[in-house]
1. I'd like to verify a number: residues in the range 59-81 that are more than 16 Å from residue 11 (Cα to Cα), among the aliphatic types (A, V, I, L, M), under 18 Å from the mean Cα position of the chain (by Cα) and modelled with pLDDT of 95 or more, how many?
2. Answer yes if at least one residue in the range 2-12 is more than 15 Å from residue 90 (Cα to Cα), under 16 Å from the mean Cα position of the chain (by Cα) and in contact (Cβ under 8 Å) with a residue 40 or more places away in the chain, and no otherwise.
3. Mind telling me which of the residues 26, 56 ends up being surrounded by fewer than 18 Cβ atoms within 10 Å (Cβ to Cβ) and either assigned to a helix (DSSP H, G or I) or at pLDDT 95 or above (or both)?
4. Being more than 18 Å from residue 68 (Cβ to Cβ), in a loop (DSSP other than H, G, I, E, B) and without any contact (Cβ under 8 Å) to a residue 40 or more places away in the chain is the requirement here; does residue 18 meet it?
5. I'm told residue 38 meets every condition in (1) in contact with a helix residue (DSSP H, G or I) (Cβ under 6 Å, 6 or more places away or on another chain); (2) surrounded by fewer than 18 Cβ atoms within 10 Å (Cβ to Cβ); (3) within 18 Å of residue 4 (Cα to Cα) except one. Can you identify the failing condition by its number?
6. In the set 51, 40, which member is at pLDDT 95 or above and acidic (Asp, Glu)?
Amino acid sequence: MTLSTDILISVPSWEREDGLEKLTERTVLQCAKTCGLVFDQPCELSVNFCDDATIRSLNAKWRGLDKATNVLSFPSPGPLKTKLTLGDIVIAYETVAREAAEQEKTLSDHVAHMIIHGFLHLIGYDHETPLEDEQMEAMERRISSALGMPDPYAGTAAIDDETPAHEMN
């Protein structure tokens, strides 16, 4: 399996975060490994590190929610095994930095969690029902543990992205 990550840093606030590219690539590869993904051909995904204004605009357009959020996912259509692109993950700096501070987490751990959460949406995980939520959180915990991170849900509220972006199309 060849999985490559296209990283776009679209605002200066993210440029100040040392090691963001390495963290992103490491997290994406661990997601694929833990999930046991096998592709018929090389596959890629993109991670766009943006600001609250950008993610708010996307959230309004694709989900009908005129507010900033921490992460959005835009899965590519088609069967997972034959995809050339998994899709796009978009992460907002101000919201993620604020949440990390509020939850007393390092920014890098919270960013990795947002990548994990977004990645799982790209491959079909969701949290619309209690069972789906339980399964998705369990996988997030497995991936986080494999990365040597603490439990991303310890002492926190649920992630604020009620509906994956792809369901709004």
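1. 1
2. Yes.
3. None of the others qualify; the one that does is 26.
4. yes
5. Condition (1) is where residue 38 drops out.
6. Answer to the selection: 51.
The values are calculated or read from the model by the stated rules, or taken from the named source; none is laboratory data. Remember, predicted model here, so these are calculated numbers, not experimental data. Note that each Cβ is placed from the backbone with ideal geometry, even for glycine, and that neighbours are counted across all protein chains shown.
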